[in-house]
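**Q** Below: one structure in structure tokens.
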Amino acid sequence: MKTTRTAFRPLPAALLLATLAFGFTAHAQTAAMPPAETAATPAPAQPGAGKRAVESTKRTARRAGNATKRGAKKAVNATENVAERAGGAVRRTGERIGDKLPPAPRDQGLNGQGQPRVPAN
């Protein structure tokens, strides 16, 4: 069997060079940012801005916490579903194997479950 390994060998190097070429042209086209002159003068303070920022941060943290809880619930549900499906598959496989086995000979001293019979008192 003949392989085409030699045809694909230079492909990673060509992709690397193409990526680098795009990176260099993008870097050459970006203009240098002028120094920020407005950063030296502070913006006028708005009344209540700090309180709004704190409330916004609390709201964002609460939302993030709720999102984490939702994600954890989804992961637990997915794991439970997978476990149930795997258990069902194992059970069905065992039943199919059991259907193909010949019936076991009955012993007089055992009941239908294969346990020793206990005489009734």
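The values are calculated or read from the model by the stated rules, or taken from the named source; none is laboratory data. These numbers come from a predicted model, not from an experiment. Neighbour counts are summed over all protein chains in view; Cβ atoms, including those assigned to glycine, are modelled from backbone coordinates with ideal geometry. In case anyone asks, the SASA skips ligands and DNA or RNA and just uses the protein heavy atoms, side chains included. Shrake-Rupley method; radii C 1.70, N 1.55, O 1.52, S 1.80 Å.
**Q** Do we have any residue at all in region 38-50 that's assigned to a helix (DSSP H, G or I) and at pLDDT 65 or above? I'd like the intermediate steps shown before the answer.
**A** Keep residues of region 38-50 that are assigned to a helix (DSSP H, G or I), which gives 38-40, 49-50.
Remaining after also requiring at pLDDT 65 or above: 49-50.
Among the residues of region 38-50, at least one is assigned to a helix (DSSP H, G or I) and at pLDDT 65 or above, which makes the answer yes.
**Q** With respect to LEU110, is the statement that it is open to solvent by 100 Å² or more (accessible area, probe 1.4 Å), among the hydrophobic types (A, V, I, L, M, F, W, C) and modelled with pLDDT under 90 true? If you could, list the steps in order and put the result at the bottom.
**A** Working: open to solvent by 100 Å² or more (accessible area, probe 1.4 Å): no; among the hydrophobic types (A, V, I, L, M, F, W, C): yes; modelled with pLDDT under 90: yes.
So LEU110 does not fit the description; no.
**Q** Quick check: is even one residue across region 70-77 charged (D, E, K, R), surrounded by 10 or more Cβ atoms within 10 Å (Cβ to Cβ), at pLDDT 90 or above and more than 23 Å from the chain's Cα centre (by Cα)? Spell out how you get there, then give the answer.
**A** Residues of region 70-77 charged (D, E, K, R): 70, 73-74.
Still in the list and also surrounded by 10 or more Cβ atoms within 10 Å (Cβ to Cβ): 70, 73-74.
Narrowing further to those that are at pLDDT 90 or above: 70, 73-74.
If we keep only those that are more than 23 Å from the chain's Cα centre (by Cα) as well, we get none.
Within region 70-77 (the criterion being charged (D, E, K, R), surrounded by 10 or more Cβ atoms within 10 Å (Cβ to Cβ), at pLDDT 90 or above and more than 23 Å from the chain's Cα centre (by Cα)), the answer is no, since none of the residues qualifies.
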